[in-house]
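**Student:** Below you will find the structure I want to go over with you.
The values are calculated or read from the model by the stated rules, or taken from the named source; none is laboratory data. The shown structure was predicted, so the numbers you read here are calculated from the model rather than taken from an experiment. We place every Cβ from the backbone using ideal geometry, glycine too, and count neighbours over all the protein chains shown.
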Amino acid sequence: MRALLELRDPVAVAFAAAVALAALWLGHDLLAITAATLAVLVARVGAGLGLRRLMAPARPAQETAFREGNPFAPLTRREADVAVLIRDSTNKEIAERLVLSERTIDNHVQNIMNKLNLHHRAQIASWVTERNTAKGPIVADVETSLPRRPPKP
């Protein structure tokens, strides 16, 4: 199936046609022309499939390790931290807790909503609660891993 997708490339088809015309112009027989055209198309399919495998985006090692067995799978580590804290905190309180700006928390909340196709903060809290009850007490593990900002004097 992937080979057929590679053959949809107009440049490869045009190059194969050019090879066929050149072989015809040089006076080769039909068998040689067909063989040359097929060789070009097979080379294109092989190169395309090989490049797709090489060009596959690699995830950072720590993100991959975090996502394996992670109940918050579509979210990054920081987004998961924010999602857990959304239930009981405002963006300002979350920003203070995570030592980030309030605008950064706004961005994280928006990214969470986009990734999960949600529209309200309450839906995020509900999603976290579902994950918490389905996989055991996750929330406590995430919250204890968060740094606390030292109190102001």
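**Student:** Can you name every residue in the stretch 1-19 that is surrounded by 12 or more Cβ atoms within 10 Å (Cβ to Cβ) and either among the hydroxyl-bearing types (Ser, Thr, Tyr) or modelled with pLDDT under 80 (or both)? Break it down stepwise before answering.
**Tutor:** We begin by selecting, within the stretch 1-19, every residue surrounded by 12 or more Cβ atoms within 10 Å (Cβ to Cβ); these are 3, 5-7, 9, 12-13, 15-19.
Scanning the stretch 1-19 gives Ala3, Leu5, Glu6, Leu7, Asp9, Ala12, Val13, Phe15, Ala16, Ala17, Val19.
**Student:** Can I ask one more? Among helices (runs of 4 or more DSSP H) lying entirely in the stretch 45-143, which contain 2 or more residues that are outside the structural domain of Phe15 (by TED's automatic domain parsing) and modelled with pLDDT of 90 or more?
**Tutor:** Fully inside the stretch 45-143 and qualifying: 77-86, 91-98, 102-116, 121-135.
**Student:** Identify, please: which residue in the stretch 69-116 is over 20 Å from Asn132 (Cα atoms) and small (Gly, Ala, Ser) and is, among those, surrounded by the fewest Cβ atoms within 10 Å (Cβ to Cβ)?
**Tutor:** It comes out as Ser101.
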